[in-house]
Each structure stands twice: as C-alpha cells, then as structure tokens.
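In what follows, a structure is listed as structure tokens, so that the remarks can point back to it.
The values are calculated or read from the model by the stated rules, or taken from the named source; none is laboratory data. Source: prediction; values computed, not measured. As a convention, Cβ positions derive from the backbone with ideal geometry for all residues, glycine included, and neighbour counts pool all protein chains shown. What goes into the accessible areas is simple: the full protein's heavy atoms, side chains included, and nothing from ligands, DNA or RNA. Shrake-Rupley method; radii C 1.70, N 1.55, O 1.52, S 1.80 Å.
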Amino acid sequence: QVQLVESGGGSVQAGGSLTLSCAASGSIYSSSRCMGWFRQAPGKERERVASIYSGGNIFYTDSVKGRFTISKDNAEATLYLQMNSLKPEDSAMYYCAAGQWCGEGGIQHWGQGTQVTVSS
C-alpha cells in the first residue's frame with residue numbers, strides 16, 4: 001500500500017520556488033508524532049531538511065533556514081514544503097517521512113520521492 005505520496009518536484013532555475021506536497025493516509029497522519037522531509041543527492045548521505053512534531057516543534061537544517069517553510073494541513077492530511085530562493089545545492093530527491101520521532105531511526109514510513117533539480 002502506498003501511504004505517503006509526494007508531488008510538486010521539478011526543474012527550476014536558481015532563485016526560483018517550488019512547493020512540495022505529501023498526501024498521507026489518515027492512520028499515518030494521526031498516529032505519527034513526526035512528519036518531515038529528507039533529501040538525498042547522488043553520492044551523498046540522506047539528510048533531514050525539515051520536520052514538524054504533532055506538538056508544533058519545527059526543525060530546519062541550517063542550509064535551508066530562511067528559505068524553506070514546512071507546514072501541515074490537518075483537514076487534508078497533507079504535509080507541505082515551500083521552497084524559495086532555491087540554489088543548485090538544493091538539487092536532490094526529496095522524501096516525505098513519518099514516524100514517532102524525527103531522527104531517521106524513528107521514521108516508520110517513507111514516500112517514493114520527488115526529484116528537485118535547480119540549475120545555475
């Protein structure tokens with residue numbers, strides 16, 4: 001069963017914007033304390049980009065602070081990542097994730113990924 005489905009990736013020029021969406025099943029959305037976005041570029045380790053706990057605590061990795069915004073729509077069980085002022089180094093496969101805590105070991109569900117490519 002596909003329980004996390006990402007969309008919104010694409011190819012943009014540096015300085016442009018994209019909004020990623022993650023549609024979650026109701027059971028995952030309601031039971032997961034953490035939902036977030038991870039990314040992985042070729043030859044590099046997967047890193048946590050942004051996450052949000054059910055209690056409201058939000059995390060951003062330093063490289064995206066001030067440019068990316070994570071949010072949730074509870075009525076639609078959807079997670080978003082608004083990405084502004086994109087840079088070539090943001091190019092990666094972006095994965096939606098959900099689990100009991102936001103560290104990778106706490107993630108129980110992963111989406112299939114959506115590609116983001118930023119040209120210089």
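Points to keep in mind about this one:
- For a straight C-alpha distance cut-off of 14 angstrom, the aspartates and glutamates reachable from LYS72 (same-chain residues fewer than eight places away being disregarded) are GLU6.
- Surface exposure of the chain, expressed per residue as accessible area with a 1.4 Å probe, stands at 50 Å².
- Projection of the Cα convex hull of the chain, averaged over all directions and equal to a quarter of that hull's surface, yields 7.0 nm².
- Here LYS44 is the anchor, and the lysines within straight C-alpha reach of less than 19 Å, apart from those fewer than 8 places off in the same chain, are LYS87.
- Taking a Cβ cut-off of under 13 Å around ALA41, the surrounding Lys, Arg, Asp and Glu residues balance to a net charge of 0, with basic ones at +1 and acidic ones at -1.
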